[in-house]
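Have a look at the structure below before the remarks.
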Amino acid sequence: MENLKLLNHSESEYIEHELLLPITNLPVEVSTDNPFIQANTTQIPFSELNEQHIIPVFIKDNEPVISCHDFISVTSDVVQDIYGHETILSPNIRVSHPIKGRVPEARNKPANELLEHEKTLYYERMAFIIEIPTIYDVIDGNKLSLTVGGVKSYHLDNLNSKKGSDEHFKVFIGFKNQVCTNLCVWSDGLYADLKVTSIGQLKALIRTLLEKYNPNFHLRQMELLTKYHLTEHQFATLIGRCRMYQHLSYSMKKDVIPMLLGDSQIGMICKDYYRDSSFCKNEDGTINLWKLYNLFTGANKSTYIDSFLDRGVNAYHFIEQLRFALQNQTNNWYLN
């Protein structure tokens, strides 16, 4: 890519299509074992996904779907094409909802007597990230590295049909906070429901997303969050309103910013407001919106794979609306 440049925080103007400067003197980094999503997920290596998992098929013609292995491979190819001059880490893959089976020869065996070669397995849901650590910036002391990834949930596909039916994928590009492995994703870097019928189509759309994404603009918007604070009273009001939102009538919800996190995640945000080692409140009870955003993205790690990216984007836009209200001194239902 041409005209690469590190975001300069002293600049007052945003330069359209400007990209970040690759820093070549960094040590080679390896993928972290800390999960970018938790919930009920398990981390697996790419080789296991490729060699040991069966591939689901469309029932009516027995044709294979685009496998999780194919999805990760084609995304990796696009990342290599666009960022091949950078350090690119191997995919970090997490899966959930195992679908277990057995070979025909073992149909009558009790489950506890099955041998390994007699078992079949694939996972209904999968999420992965590919980090590019040489493209990064720092916000409020937190190093953020460029990250590409995706989500596949087979339960969204109509496997009772024939090959050629839409297959659903989620693809994103954003940043990963190295302090806590929280993902920072917004709508400009997300295809939330990508419908394709072929690998070629999938690859073309992934490329389109990566090429149109502007990392500098995303970083500048996130950095603005450090300049605005909530008081302890405002935070308490916010938490209460977030719990109330789920119980509003449909007509009342139409005029309120959606809150997709559930009660358990809201409880985690409240707890971490006091206890989180990196993003807790200040001594006077205030908390800036950047730290609050990271409390939200941290709580989102307990979300199931299929809702993970949608809730992550919602968290950003929710905090952005708080910033807008504080900046312009306008009303926000969550702070009133």
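A few points about this structure:
- Output for region 180-204, where each listed residue is under 20 Å from Gly312 (Cβ atoms) and either assigned to a helix (DSSP H, G or I) or touching an Asp or Glu at 6+ places or on another chain (Cβ under 7 Å) (or both): Ser187, Asp188, Gly189, Ala192
- Residue that is surrounded by the fewest Cβ atoms within 10 Å (Cβ to Cβ), among those in region 89-137 that are within 24 Å of Thr181 (Cα to Cα) and out of contact with any strand residue (DSSP E or B) (no Cβ under 6 Å at 6 or more places or on another chain): Ser90
- Residues that are among the β-branched types (Val, Ile, Thr) and closer than 29 Å to Ile66 by Cβ, drawn from region 97-154: Ile99, Val103, Thr120, Ile129, Ile130, Ile132, Ile135, Thr147, Val148, Val151
- Apart from one condition, Asn177 fits all of (1) among the polar types (S, T, N, Q); (2) free of Cβ contacts under 8 Å to residues at least 12 places away in the same chain; (3) over 22 Å from Asp306 (Cβ atoms); the exception is (2).
- Counting residues in region 253-263 that are outside any loop (DSSP other than H, G, I, E, B), within 21 Å of the chain's Cα centre (by Cα) and aliphatic (A, V, I, L, M) gives zero.
- Residues within region 303-318 that are in contact (Cβ under 8 Å) with a residue 60 or more places away in the chain, surrounded by 17 or more Cβ atoms within 10 Å (Cβ to Cβ) and over 16 Å from Arg243 (Cα atoms), tallied: 9
- Residue within region 227-248 that is in contact with a Gly (Cβ under 6 Å, 6 or more places away or on another chain), surrounded by 18 or more Cβ atoms within 10 Å (Cβ to Cβ) and outside any helix (DSSP H, G or I) present: no
- Residue tally, condition in a loop (DSSP other than H, G, I, E, B) and either among the aromatic types (Phe, Trp, Tyr) or at pLDDT 50 or above (or both), over region 13-60: 19
- Number of the exception - Phe296 against (1) under 29 Å from Tyr191 (Cα atoms); (2) surrounded by fewer than 21 Cβ atoms within 10 Å (Cβ to Cβ): (2)
The values are calculated or read from the model by the stated rules, or taken from the named source; none is laboratory data. Just so it is clear, the model here is predicted, and its values are computed rather than measured. Note: ideal-geometry Cβ built from the backbone for every residue, glycine included; neighbour counts use all protein chains shown.
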